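*Asks:* Here it is, the structure in full.
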Amino acid sequence: MKKTAIGLIITMLLSMLVACGNNIDEVNEVSVDLNTDNNIAINNTEGTGAESTNAESTDTETEVTETEDTETEGTETEGTETEGTETEGTETEGTETEGTETEGTETEGTETEGTETEGTEEVTEPVDYTAKISKPYDDVDYTPFEKITDFPNNPKINVKGVYVTANTAASERMDDIIELINKTELNAVVIDVKNDAGYITFHSEAAEKYVPNANKYVLIKDMEAFMAKMKENDIYTIARIVTFKSPQYAQLYPERAISYKSSGNVYYADKAYWASPFDEELWKYNVEVAKEAIEYGFNEIQFDYVRFPATGSSLDKNLDFRNPDNHSKTYAIQNFVKYAYSEINPMEAYVALDVFGWTATTINDSGIGQHWEGMTNVSDYMCPMVYPSHYGPNIFGLPVPDAAPYKTIYESMSDSMERNSNVETPADLRPWLQAFTAKWVKGYIPYGTAEIQAQIQACKDLGIEDYIFWNSGNNYNEKWFTQE
C-alpha cells in the first residue's frame, strides 16, 4: 500500500455516475481538504455504492459527505495500516529447598526440613485483538467470530458474476444474461431484491408486515419458476438488499428515521429519505426480506448501503440519529451484521457486505460506520467497490487511475488484503469491478475486453478468484469474458 506525502494537494470532480437497481441517478462530487489534522473530507454518493477519492494515505482519517441530487455507477477505494503486536511472556517462581543437617559421629539419620516449593504460576495476558488495528472503536467487537464457512447443500464457489436489475430479471433480457453465463467463465448473478427506492422484487410477507407500500411494484410474479430456471442453468444467485437507504420505511416511520433536530424533518440525501441504522425494527425488516429470498433459493445475501448517510461531522451535530445510548456508528453497523448473520447462517446462506473501496484506505469509519476490521470480522464476503473510474488523480501514483485498470485494482485489493490481516476471522474478498466507460472522467479510456480482463488478471495475481461486474444497464459483452 502506497504512502504519499500528506502535503499532496489533489482535486477531483466526479459527476454523473450511474445508479443501480431502480436506475436512480446520482452524481458524485469529491473534494479533499488537507488540514492540520490530516483529515480528508470527501463528498460522495453510491449506486451499488460509489465514491471517488483523491488522497492516498493509509494512516489518514476521512469523512465522507453525501451529495443530495446525485447519481452513481459505482464505488471506491481502500488501503490499510498495520501496527505490530507485543507478546508478554510467562513468569515462573522458582523452588526453594532448606538443605540437610547431620549431627555427631552417630548417624541419627538425615533430617531434612523439606523442600518448600511455592509452585510455578503462569501468568497469561489476555489477547489484544486490536493490536494491529490503527484505530479500533471501543464499542466494536474484534474478537474471533464463529463462522460456518461452507454448507454441503450450498458449497462456496469462486463467484464470477454480473449485476442484474429486477427489471432485467423479470424480462426476456434475462435469457440473454443466462446465455452469456452459459457461454463464458461467468457463473453468478447479483439481483435486486430490495432496491434503492425500497421496493421488493417479489411479493414479500415481511413488507406486508412492516412496509406494505414496498410491495407496490412486484416485478417477478412467480419466484419459484424464476429460481428454478436459475438452478437449471447452475447459476449461483445473490440477493442484493439495499439496507439503510430505505425511503419507504423512513417515510412510514419518521419517528425512527434520521431527522433534523430543529424541525423534525426526515433527512433526505442521495434522492432518498434515510432510515437510522440504530433502528432494530429496521434490522428485523431487512433480515426478514433476506430470509424470504433464501427460502426461494438464493445462495447468498448481499447487503448494500450498509452504512449511514455521508453527512459529515458538521451536519451530524444537527441530526438526530436515534442513538440514545451514544454508541458509535460503527457499533450500529457491526451489530446489525452480527444480528443478520445469526439469522441467515442457520439457513445455510452466506452474508456479503458492499463497502466503499475507501473503507480499506482510511483508518476510521469515514463517518459512515464502515470500519473495515469491524465488518470483515463478522461477515462471509467483503465486496469493496473499486472501480478505477472512482479514484481521483494520482491515487496509487497514477495520473488517471481509470486509464490504468490493472494497477488500480491490484493496489486497491492489496490494501483490502492487508486490512483483512488485522483480524483473525476475516471475510473472503470479492471486489466489484468496472464494466462501463466513465466518460465523465478527464482522461478516461473506453472499457472493453482488454480493460475487463486486466481487472480480472489483477485479482488473479493476488490470489483472488472471485469478482462481480457492475453495469447499471446490465449491458455485458460475451467477448469481455473467457469463453467456455
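The values are calculated or read from the model by the stated rules, or taken from the named source; none is laboratory data. Given the structure is predicted, the values throughout are model-derived calculations rather than measurements. All Cβ positions, even for glycine, are placed from backbone atoms using ideal geometry, and neighbour counts span all protein chains on display.
*Asks:* Any residue that is buried (at least 23 other Cβ atoms within 10 Å of the Cβ), part of a helix (DSSP H, G or I) and at pLDDT below 95 - is there at least one of those in the range 391-399? Even if it seems obvious, please write down each step before you answer.
*Replies:* Kept after step one, since they are buried (at least 23 other Cβ atoms within 10 Å of the Cβ), are these residues of the range 391-399: 391-392, 395.
Keeping just the survivors that are part of a helix (DSSP H, G or I) gives 395.
Next, only the ones that are at pLDDT below 95 stay: 395.
Yes: the range 391-399 contains one or more residues that are buried (at least 23 other Cβ atoms within 10 Å of the Cβ), part of a helix (DSSP H, G or I) and at pLDDT below 95.
*Asks:* Go through D192, D196, D175, D138 for me and flag whichever is exposed (fewer than 10 other Cβ atoms within 10 Å of the Cβ) and modelled with pLDDT of 95 or more. Talk me through it step by step, then tell me what you get.
*Replies:* Working: D192 fails: exposed (fewer than 10 other Cβ atoms within 10 Å of the Cβ); D196 fails: exposed (fewer than 10 other Cβ atoms within 10 Å of the Cβ); D175 fails: exposed (fewer than 10 other Cβ atoms within 10 Å of the Cβ).
Exactly one residue qualifies, and that residue is D138.
Residues checked against (1) in contact with a strand residue (DSSP E or B) (Cβ under 8 Å, 6 or more places away or on another chain); (2) closer than 16 Å to Y350 by Cβ; (3) of a type in the set (D, E):
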position: Y236; (1), (2), (3): yes, yes, no
position: Q248; (1), (2), (3): no, no, no
position: K261; (1), (2), (3): yes, no, no
position: A269; (1), (2), (3): yes, no, no
position: Y273; (1), (2), (3): yes, no, no
position: K284; (1), (2), (3): no, no, no
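*Asks:* I would also like to ask the following. Tally time: how many residues in the range 443-459 are closer than 17 Å to T184 by Cα and loosely packed, with under 15 Cβ neighbours inside 10 Å?
*Replies:* The qualifying residues number 4.
*Asks:* Please give the number of the condition I344 fails out of (1) among the β-branched types (V, I, T); (2) surrounded by 24 or more Cβ atoms within 10 Å (Cβ to Cβ); (3) in a helix (DSSP H, G or I).
*Replies:* (2)
*Asks:* I've got another one for you. Can you name every residue in the range 252-276 that is modelled with pLDDT of 95 or more and within 16 Å of K194 (Cα to Cα)? Step through it out loud before you land on a result.
*Replies:* Let us first name the residues in the range 252-276 that are modelled with pLDDT of 95 or more, namely 252-268, 273-276.
Across the range 252-276, the qualifying residues are Y273, W274, A275.
*Asks:* A follow-up question, please. So which residues in the range 249-268 are in contact (Cβ under 8 Å) with a residue 40 or more places away in the chain, surrounded by 14 or more Cβ atoms within 10 Å (Cβ to Cβ) and over 16 Å from W283 (Cα atoms)?
*Replies:* S259, Y260, Y267, Y268 - these are the residues of the range 249-268 that are in contact (Cβ under 8 Å) with a residue 40 or more places away in the chain, surrounded by 14 or more Cβ atoms within 10 Å (Cβ to Cβ) and over 16 Å from W283 (Cα atoms).
*Asks:* Something else: Quick one: is M417 of a type outside the set (D, E, K, R), at pLDDT 95 or above and within 14 Å of the chain's Cα centre (by Cα)? Working first, answer last.
*Replies:* Values: of a type outside the set (D, E, K, R): yes; at pLDDT 95 or above: yes; within 14 Å of the chain's Cα centre (by Cα): yes.
It is true that M417 is of a type outside the set (D, E, K, R), at pLDDT 95 or above and within 14 Å of the chain's Cα centre (by Cα).
*Asks:* Whether any residue in the range 324-333 is polar (S, T, N, Q) and part of a helix (DSSP H, G or I) is what I want to check.
*Replies:* Yes, that holds for at least one residue.
*Asks:* Would you confirm, using the coordinates I've provided, whether K271 is touching a residue at least 24 places away in the same chain (Cβ under 8 Å) and farther than 23 Å from T149 by Cβ? Spell out how you get there, then give the answer.
*Replies:* Values: touching a residue at least 24 places away in the same chain (Cβ under 8 Å): yes; farther than 23 Å from T149 by Cβ: yes.
Yes: the conditions hold for K271.
*Asks:* Condition first: assigned to a helix (DSSP H, G or I) and crowded, with 24+ Cβ neighbours inside 10 Å. Now tell me which residues in the range 178-189 satisfy that.
*Replies:* The answer is I181, and nothing else.
*Asks:* Tell me which residues, restricted to the range 429-451, are over 14 Å from Y391 (Cβ atoms), within 22 Å of the chain's Cα centre (by Cα) and without any contact (Cβ under 8 Å) to a residue 60 or more places away in the chain.
*Replies:* Our first condition is that a residue be over 14 Å from Y391 (Cβ atoms); within the range 429-451, this holds for 429-430, 435-437, 439, 446-451.
From the residues that got through so far, the ones that are within 22 Å of the chain's Cα centre (by Cα) too are 429-430, 435-436.
Selection gives L429 alone.
*Asks:* Among the residues of the range 199-230 satisfying the criterion of being among the small types (G, A, S) and not in a loop (DSSP other than H, G, I, E, B), which is surrounded by the fewest Cβ atoms within 10 Å (Cβ to Cβ)? Spell out how you get there, then give the answer.
*Replies:* First, the residues of the range 199-230 that are among the small types (G, A, S): 204, 206-207, 214, 225, 228.
Applying the additional criterion that residues be not in a loop (DSSP other than H, G, I, E, B) yields 206-207, 214, 225, 228.
On the way: A206: 20, A207: 25, A214: 26, A225: 9, A228: 13.
Filtering the range 199-230 for residues that are among the small types (G, A, S) and not in a loop (DSSP other than H, G, I, E, B), the one surrounded by the fewest Cβ atoms within 10 Å (Cβ to Cβ) comes out as A225.
*Asks:* Mind listing just one residue for me: the one in the range 141-172 that is at pLDDT 95 or above and hydroxyl-bearing (S, T, Y) and, of those, farthest from V242 (Cα to Cα)?
*Replies:* Within the range 141-172, the match that is farthest from V242 (Cα to Cα) is T143.
*Asks:* Please enumerate the residues belonging to the range 390-409 that are farther than 14 Å from A454 by Cα and in contact (Cβ under 8 Å) with a residue 24 or more places away in the chain. Before you say what the answer is, go through the steps one by one.
*Replies:* Residues of the range 390-409 that are farther than 14 Å from A454 by Cα, as a first pass: 390-400.
Result: H390, Y391, G392, P393, N394, I395, F396, G397, P399, V400.
*Asks:* Only one of S416, S472, S412 is in contact (Cβ under 8 Å) with a residue 40 or more places away in the chain and not in a helix (DSSP H, G or I); which? Before the answer, list the steps.
*Replies:* Details: S416 fails: not in a helix (DSSP H, G or I); S412 fails: not in a helix (DSSP H, G or I).
Answer to the check: S472.
*Asks:* Residues in the range 380-390 that are over 9 Å from the mean Cα position of the chain (by Cα) and either in a strand (DSSP E or B) or surrounded by 24 or more Cβ atoms within 10 Å (Cβ to Cβ) (or both): how many? Outline the logic, then answer.
*Replies:* Filtering the range 380-390 down to residues over 9 Å from the mean Cα position of the chain (by Cα) leaves 380, 386-390.
Adding the requirement that they be either in a strand (DSSP E or B) or surrounded by 24 or more Cβ atoms within 10 Å (Cβ to Cβ) (or both) leaves 386-390.
Result for the range 380-390: 5.
*Asks:* Which of the residues that make up the range 359-406 are among the hydroxyl-bearing types (S, T, Y) and within 30 Å of T143 (Cβ to Cβ)?
*Replies:* Of all residues in the range 359-406, those among the hydroxyl-bearing types (S, T, Y) come to 359, 361-362, 366, 376, 379, 381, 387, 389, 391, 406.
If the condition is that a residue be among the hydroxyl-bearing types (S, T, Y) and within 30 Å of T143 (Cβ to Cβ), then T359, T361, T362, S366, T376, S379, Y381 are the ones that fit.
*Asks:* Find the residue count for the range 363-374, including only residues that are part of a helix (DSSP H, G or I) and more than 16 Å from M413 (Cα to Cα).
*Replies:* Kept after step one, since they are part of a helix (DSSP H, G or I), are these residues of the range 363-374: 372-374.
Still in the list and also more than 16 Å from M413 (Cα to Cα): 374.
Result for the range 363-374: 1.
*Asks:* Can you tell me which residue in the range 347-363 is surrounded by the most Cβ atoms within 10 Å (Cβ to Cβ), limited to those that are modelled with pLDDT under 95 and under 14 Å from the mean Cα position of the chain (by Cα)?
*Replies:* Our first condition is that a residue be modelled with pLDDT under 95; within the range 347-363, this holds for 356-363.
Keeping just the survivors that are under 14 Å from the mean Cα position of the chain (by Cα) gives 356-362.
Details: F356: 30, G357: 31, W358: 34, T359: 37, A360: 31, T361: 32, T362: 33.
The selected residue is T359.
*Asks:* Kindly evaluate F308 against the criterion of being part of a helix (DSSP H, G or I) and crowded, with 24+ Cβ neighbours inside 10 Å. Show your work before the answer.
*Replies:* Values: part of a helix (DSSP H, G or I): no; crowded, with 24+ Cβ neighbours inside 10 Å: yes.
Against the criterion (part of a helix (DSSP H, G or I) and crowded, with 24+ Cβ neighbours inside 10 Å), F308 does not qualify.
*Asks:* Here's another thing I want to ask about it. With the condition kept exactly as written, say whether any residue in the range 456-468 is aromatic (F, W, Y), on the phi < 0 side of the Ramachandran plot and not in a strand (DSSP E or B).
*Replies:* We begin by selecting, within the range 456-468, every residue aromatic (F, W, Y); these are 467.
Remaining after also requiring on the phi < 0 side of the Ramachandran plot: 467.
Then keep just the ones that are not in a strand (DSSP E or B); that gives none.
Looking for residues that are aromatic (F, W, Y), on the phi < 0 side of the Ramachandran plot and not in a strand (DSSP E or B), one finds none in the range 456-468, hence no.
*Asks:* Let me ask you something else. Answer yes if at least one residue in the range 422-438 is at pLDDT below 95, buried (at least 24 other Cβ atoms within 10 Å of the Cβ) and either in contact with a Lys or Arg (Cβ under 7 Å, 6 or more places away or on another chain) or part of a loop (DSSP other than H, G, I, E, B) (or both), and no otherwise.
*Replies:* no
*Asks:* Answer with yes or no whether F303 is assigned to a strand (DSSP E or B), in contact (Cβ under 8 Å) with a residue 40 or more places away in the chain and in contact with a Lys or Arg (Cβ under 9 Å, 6 or more places away or on another chain). Give the derivation first.
*Replies:* Values: assigned to a strand (DSSP E or B): yes; in contact (Cβ under 8 Å) with a residue 40 or more places away in the chain: yes; in contact with a Lys or Arg (Cβ under 9 Å, 6 or more places away or on another chain): yes.
In short, yes.
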